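The values are calculated or read from the model by the stated rules, or taken from the named source; none is laboratory data. Because the structure is a prediction, the values reported are computed rather than measured. Every residue, glycine among them, receives a Cβ derived from its backbone with ideal geometry; neighbour counts consider all protein chains shown. Each accessible area value is taken on the protein alone, full model and side chains, heavy atoms only, with ligands, DNA and RNA left out. Shrake-Rupley method; radii C 1.70, N 1.55, O 1.52, S 1.80 Å.
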Amino acid sequence: MRLTSPRGGVPRHGRRFLVILAVLFFQAALLLTAHPSRADEFSDGLPALAKGSYDDKIAAASALVATGDDRAGDVVKAFSAGNLYVRKSDGAIFVGRDGAPSGQALLTDPVSGQDLGAVSESDYEKIRVNNKVRRALDELAGGLALLGKDPAKRKAAAAGLFGTSDASQAGRLTTALEKEKDKGVAAAMRRSLASINIGDPDPAKRLAAVKELANSPDQQVRALLLSRLVETNGKPAEPDEEVRTLIDSTLSHINLTLQLWNIVGSLYQGLSLGAVLLLAAIGLAVTFGVMGVINMAHGEMIMLGAYSTFVVQQVIAAHAPWLFQWSLAIALPTAFLVSAIVGIVIERGIIRFLYGRPLETLLATWGVSLVLQQAVRSLFGPSNRAVVTPDFMQGAIETSVGITLTYNRLYIIAFAVVVLAALFMVLQRTPLGLQMRAVTQNRRMAAAMGIPTARVDAFTFGLGSGIAGLAGVALSQIDNVSPNLGQGYIVDSFMVVVFGGVGNLWGTVAGALSLGIVNKLLEPFAGAVLGKILVLVAIILFIQKRPRGLFALKGRSVEA
């Protein structure tokens, strides 16, 4: 491409390009001049702290805080403590700290954060302050967090002022609220401002404060409003009748809202417990439905899954620590295989000789459970073992009304859904699932059609045990990993299976969720122990009317 004209000059399109480029540079310079960065505002405002009268210094400090720069906090604190220095040669400002040798000062550049170390005090001069300046600086420091750059810190600072008895904070909140653009932070500021104004001498302000607090129906607001109705020397803390009436109606609204949220919280806790019961019972539903075996060692399959998780974490921590955050994902197939193999060994070695004799299978599997518990005690000891929760499963979602949704419970709920979906896929889309359904519906006919029922029994028992191992991985995150882990879930698992309907997965899902939710709804009124007793009595009465459970499915035990 030719860059010059035939006469040796710049071509016309080149001249246009240069003109456009010059205009763009000119506009950029104007923008930078008209809108300096916050960092420039901070550094440019520092020299004014050493100039003029005390009132001028207060105004300079206020302007510095108004920039919202996080570094202003250190400067204001040092200024109030008399540890702010000005360099005589150029008027630059530095933050000092205690511990300097005699005749020297330990200084830090507030703009860059560079530590100058010990310098000669003769080259610097302390910026003088008086009591008036200190009081003003203390007030600025108190409101500094409300004007910071980080919305989360501003919100936390506003929330920390809720219910304070320091009326001077009202002015700081009002000033910060005028500049606040974040809706969530502004709501927190209004809430705290109302909690301060509720003690104002002006009844109109108190009335407006109660109206504002009605928008935040939580326990803190409820306690604050109740305190305004407490009588001292025969008189309530709130003297105005109109304000007391509004407080009463607001409290009724808050109490109703909190009761509704408590029900929501109980439903969530019930859903979480139902997911745990589903994981513990779904494997039992498979073996009990197809084989008619009362497997009292099912809880130990859960326990083996939990200990498999512990072993996997120990191996990863010793040999591949960079994989530790993936330890649970690695433990899932490990726990499934360990529990499935042990289940197949139990079925081939003991249970296959006891088909048709359910009471003897109950006694035999109970003995197997004792053997497995003692074997684990011998290998790992009787004490609890710690299974570490990965970082992504730690923490919780905390709501303003007191409901806490822990991440590990949320993951367990999601995991239970995934396991249930995978099991349905196995039963509906694989040859093993087809054979299992055939044996469940009519064992003799399935055998006559050439289905190897003995092999189906072995793989079915292994599948149910493997799913119990997966449940052990999940339960290791919310329960103690000990040799007795499975014993706490075996009775509930049988209750879920019998209540839902033997051999029916949808019945198992309905049974687990029903028992979990009913348990948690009863606990606030009856307590944990009495609530579980009431649930057990209700199931016994239900079974009297429907012996085959919610969703009856024809199986081998029914045919017999």
Problem - Filter result for S482 (touching a Pro at 6+ places or on another chain (Cβ under 9 Å), of a type outside the set (D, E, K, R) and under 30 Å from A329 (Cβ atoms)) - result: yes
Completion exercise
Of the residues in segment 79-114 that are of a type in the set (A, V, I, L, M) and in contact (Cβ under 8 Å) with a residue 24 or more places away in the chain, the one that is farthest from V129 (Cα to Cα) is V111
Completion exercise
Over segment 341-384, the set of residues surrounded by fewer than 19 Cβ atoms within 10 Å (Cβ to Cβ), touching a Pro at 6+ places or on another chain (Cβ under 7 Å) and at pLDDT 90 or above is R377
Practice task
Select, from G472, G462, G516, the only residue that is open to solvent by less than 10 Å² (accessible area, probe 1.4 Å), in contact (Cβ under 8 Å) with a residue 24 or more places away in the chain, touching a strand residue (DSSP E or B) at 6+ places or on another chain (Cβ under 9 Å) and not hydrophobic (A, V, I, L, M, F, W, C).
Solution key: G472
Problem - Residues satisfying the stated conditions in segment 39-67, i.e. over 21 Å from E180 (Cα atoms) and buried (at least 16 other Cβ atoms within 10 Å of the Cβ) - result: S43, G45, L46, A48, L49, A50, K57, I58, A60
Handout entry: segment 208-226, residues that are in a loop (DSSP other than H, G, I, E, B) and without any contact (Cβ under 8 Å) to a residue 40 or more places away in the chain
Key = N215
Handout entry: Residue satisfying condition, being within 16 Å of N197 (Cα to Cα), modelled with pLDDT under 85 and not charged (D, E, K, R), within set A237, A214
Key = A237
Exercise for the section: Identify, by number, the condition in (1) modelled with pLDDT of 85 or more; (2) closer than 30 Å to I254 by Cα; (3) open to solvent by less than 50 Å² (accessible area, probe 1.4 Å); (4) of a type outside the set (F, W, Y) that L410 doesn't meet. Expected result: (3)
Exercise for the section: Scan G507, G549 and give me the residue that is modelled with pLDDT of 80 or more and either crowded, with 24+ Cβ neighbours inside 10 Å or within 25 Å of I413 (Cβ to Cβ) (or both). Expected result: G507
Problem - Criterion violated by G103 - all others in (1) touching a strand residue (DSSP E or B) at 6+ places or on another chain (Cβ under 6 Å); (2) farther than 15 Å from P47 by Cα; (3) not aromatic (F, W, Y) satisfied - result: (1)
Practice task
For L229, state whether it is surrounded by 13 or more Cβ atoms within 10 Å (Cβ to Cβ), part of a helix (DSSP H, G or I) and not small (G, A, S).
Solution key: no
Exercise for the section: Specify the residue that is surrounded by the fewest Cβ atoms within 10 Å (Cβ to Cβ); the eligible residues are those in segment 69-93 that are of a type in the set (G, A, S) and touching a helix residue (DSSP H, G or I) at 6+ places or on another chain (Cβ under 8 Å). Expected result: S89
Exercise for the section: Could you check, for segment 283-291, whether at least one of its residues is closer than 23 Å to F499 by Cα, under 31 Å from the mean Cα position of the chain (by Cα) and modelled with pLDDT under 90? Expected result: yes
Handout entry: segment 254-293, subset open to solvent by less than 40 Å² (accessible area, probe 1.4 Å) and of a type in the set (V, I, T), residue nearest to N215 (Cα to Cα)
Key = I254
Completion exercise
Residue set G462, G511; condition in a helix (DSSP H, G or I), under 31 Å from the mean Cα position of the chain (by Cα) and under 19 Å from V286 (Cα atoms); output residue G511
Problem - Of residues in segment 385-400 being among the hydrophobic types (A, V, I, L, M, F, W, C) and free of Cβ contacts under 8 Å to residues at least 60 places away in the same chain, the one surrounded by the fewest Cβ atoms within 10 Å (Cβ to Cβ) - result: I397
Practice task
Quick one: which residue in V456, V426 is assigned to a helix (DSSP H, G or I) and open to solvent by less than 40 Å² (accessible area, probe 1.4 Å)?
Solution key: V456
